[in-house]
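Chemist: Have a look at this one.
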Amino acid sequence: MTVNRGRVRLGRVTDDAEELRQRLPPVPSAWDAALDAADGHARAYLAGLPARPVSAHATVDELRRALSVPLPDEGADPAEVVHDLADGAEPGLVATGSPRYFGFVIGGALPAALAADWLAATWDQNAGLYACGPPAAVVEEVAARWVLDLLGLPASASFGFVTGGQMANFTALAAARRAVLGRLGWDVEARGLAGAPPVRVVVSDLRHATIDRSLRYLGLGTDAAAVVPTGPDARLPPAAVADALDDGSSGGPTATIVCTQAGEVNSGSIDPLAEICEVAHAAGAWVHVDGAFGLWASASPSLRPALAGVEQADSWATDFHKWLNVPYDSGFVACANPDAHRGAMGVHAAYLMHADDDSAAARDEMDWTPEFSRRGRGFAVYAALRSLGRRGVADLVEGCCARARQFAERLGRIDRAEVLNDVVLDQVLVRFRAAAGSGDPDRAADDAVTRRVVAAVQASGECWMSGTTWRGRAAMRISVVNWQTTEADVDRSVAAVQRALVSL
Ligand SMILES: Cc1ncc(COP(=O)(O)O)c(C=O)c1O
């Protein structure tokens, strides 16, 4: 049946849900009641987000008491199950979608992305094979083209929609491992690593933990990492990378990968990508960019110069569930060498209907990701990008960076607060002093106060920031990636921090 989609304005369908429902055949009652229940809870949650305390209000014991029931012998009414689940979980929810949630690097959910994700769950396409869900495959092709363009990456790059930055890094480094060993005549996919030439991975001392974890997953081991210290600006110095590359090259060609970063997880710093690509490529190394959130700065004309040279790298990892505000889980890997990418990830089986067996040359998603079966996570990405448009993505990124600078400026005015990083993107690090005045800082006392301020702010429910250790000192870590955060939210949050500090 063709659904008459009604009035279309600015490319958007404006029928309300009721009107659409009336045009459709009645939904079977089992679906109807359960979906109505979920819809009611979802709308109430979203409407309450701005006012709701940001931290969870239930303890782990309370959650266990509410949710831990014996598995029933007989099934229960689906709508009742949904109500019970929502009622049990609700007090424990952390309002990560709140405009005043600044923990880790966690985005909210854009309306179009969330709604498209509901549809993705409803359609339940297995986005591993084209044959199992043709629109899921095509939407990924379209969205990937947009993403490559927005991020300033080569249009010819191969790509995969993965669960997040971890799997994007893993996939990219698997392609890198294949390519750098392949150049030495070693087919790692067939022969494994036993007896293989050693692979060296040049990394920054501020690399994300998922790089080390990828090295473990790939059998390279964390000892493969040649760690290069970052400078005071938290960036990898190209000369130090060149030295590290030189180190291993005396005996002829080596299998080397250089891991750079666009958006260090604490400070947001961006490595000098053009210079590093130049020295690394001169040494025959593969360059990977971990840009879980920072790659999105490329979507802003004013911020793009900070990522100059990004297109010269060999692989890139980023997330949609961070700065693009797409619901979890949603990440993206791209690779300048599609053969290496597909060679590392591709899979065939007699019982599958591979798209490349047919003349349509459609794309099977499982050839580009570690997953086999998986959900259609491209729908939400497509919807997010289409609802924002090129300008909207730039505004989102620039707005968050402006809010981060606002945080730094307001917090910097507080007596006993010190902003520790250059606020180049959306990340702010701030530390608090135990005693006022300009005397010698008492490091241990300042660490303790900083941690107590973080805990007090979290407990306040006004806003939520996490803590970290930066260059050996405790710090509060503020990450602004939510599409709804306003200047007023920042002012309110700074006031909460100030109250926490003076209350200690
Ligand atoms: C720089 C960087 N890389 C990788 C990751 C891991 O991403 P994910 O949590 O999506 O797997 C993060 C997460 O914060 C990150 O900041």
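Chemist: Going by the alpha-carbon gyration tensor, a ≥ b ≥ c the square roots of its eigenvalues, is the chain rounded (a/c under 1.5) or, if a/c is not under 1.5, prolate (a/b greater than b/c) versus oblate?
Modeler: Since a/c reaches 1.5 but b/c is at least a/b, the shape of the chain is classed as oblate.
Chemist: Calculate what fraction, in whole %, of the accessible area of the chain sits on carbon and sulfur atoms when a 1.4 Å probe is rolled over the protein chains.
Modeler: Roughly 55 percent of what the probe reaches on the chain is carbon or sulfur.
Chemist: Please list 3J(HN,Hα) in residue order for region 186-199, calculated via the Karplus relation 6.51 cos²θ - 1.76 cosθ + 1.60 where θ = phi - 60°; whole Hz, with x for glycine and proline.
Modeler: Karplus values, whole Hz, x for Gly and Pro: 10, 8, 5, 5, 8, 9, x, 9, 5, x, 6, x, x, 9.
Chemist: May I ask you to give the solvent-accessible area per residue for region 176-246, in square angstrom, as obtained with a 1.4 angstrom probe?
Modeler: Spelled out: the 1.4 Å probe surface of region 176-246, per residue, equals 47 Å².
Chemist: Tell me, what does the Kirkwood hydrodynamic radius of region 22-161 come to in angstroms if you use every pair of distinct C-alpha atoms?
Modeler: Values: mean 1/r = 0.0536 Å⁻¹.
One over the average 1/r among Cα pairs gives 18.6 Å for region 22-161.
Chemist: Moving on to the next point. Would you kindly derive the ³J(HN,Hα) couplings of region 485-502 from the backbone phi angles with the Karplus curve 6.51 cos²θ - 1.76 cosθ + 1.60 (θ = phi - 60°), listing them in order in whole Hz, with x for Gly and Pro?
Modeler: With coefficients 6.51, -1.76 and 1.60, one gets 5, 10, 4, 5, 4, 5, 4, 4, 6, 4, 4, 5, 5, 4, 4, 4, 5, 6 Hz.
Chemist: Per residue, how much accessible area does region 38-88 show when a 1.4 Å probe rolls over the protein heavy atoms, in square angstrom? Show your work: numbers first, answer last.
Modeler: Numbers: 3640 Å² over 51 residues.
Roughly 71 Å² per residue, with all protein chains present.
Chemist: Sticking with this structure for a sec: Would you be so kind as to identify which of 305, 349, 320 lies farthest towards the positive end of the dipole of region 300-392, taking Lys and Arg as +1 and Asp and Glu as -1 on Cβ and the Cα centre as origin?
Modeler: 305
Chemist: Taking +1 at the Cβ of each Lys and Arg and -1 at the Cβ of each Asp and Glu, which of 114, 148, 163 sits farthest along the dipole of region 34-164 towards its positive end, judged by Cα position relative to the Cα centre?
Modeler: So the residue furthest toward the plus end is 148.
Chemist: Based on the mean of other beta carbon atoms within 10 Å per residue, what is the order of 465-471, 423-429, most packed first?
Modeler: The densest-packed peptide leads the list: 423-429, 465-471.
Chemist: Name the shape class, rounded, prolate or oblate, that the alpha-carbon gyration tensor gives for region 64-137, where a ≥ b ≥ c are the square roots of its eigenvalues, rounded holds for a/c under 1.5, and otherwise prolate holds if a/b is larger than b/c and oblate otherwise.
Modeler: Cα axes put region 64-137 in the oblate bin.
Chemist: Averaged per residue, what accessible surface does region 256-397 expose to a 1.4 Å probe, in Å²?
Modeler: Roughly 32 Å² per residue, with all protein chains present.
Chemist: Now, a different point. Quick one: putting +1 on the C-beta of Lys and Arg, -1 on the C-beta of Asp and Glu, what dipole do you get for the chain around its Cα centre, in Debye to the nearest 20? Walk me through the intermediate numbers first.
Modeler: Values: 46 positive and 62 negative charges, 224 e Å.
Value, rounded to 20: 1080 debye.
Chemist: Largest first and in whole Å, what are the equivalent-ellipsoid semi-axes of region 371-494 based on the Cα gyration tensor, each being the root of 5 times an eigenvalue? Write down the numbers at each step before the final one.
Modeler: Working: eigenvalues 227, 58, 33 Å².
Whole-Å semi-axes of the equivalent ellipsoid: 34, 17, 13.
Chemist: Then there's this: Would you please put 44-53, 170-179 in order of how densely packed they are, using the mean number of other Cβ atoms within 10 angstrom per residue and starting with the highest?
Modeler: 170-179, 44-53
Chemist: Please list 3J(HN,Hα) in residue order for region 74-79, calculated via the Karplus relation 6.51 cos²θ - 1.76 cosθ + 1.60 where θ = phi - 60°; whole Hz, with x for glycine and proline.
Modeler: Rounded to whole hertz, the list is 9, x, 10, 4, x, 5.
The values are calculated or read from the model by the stated rules, or taken from the named source; none is laboratory data. Remember, it's a predicted structure, so these values are computed and weren't measured experimentally. We place every Cβ from the backbone using ideal geometry, glycine too, and count neighbours over all the protein chains shown. Accessible surface is based on the protein model in full, side chains and every heavy atom, while ligands, DNA and RNA are left aside. Shrake-Rupley method; radii C 1.70, N 1.55, O 1.52, S 1.80 Å.
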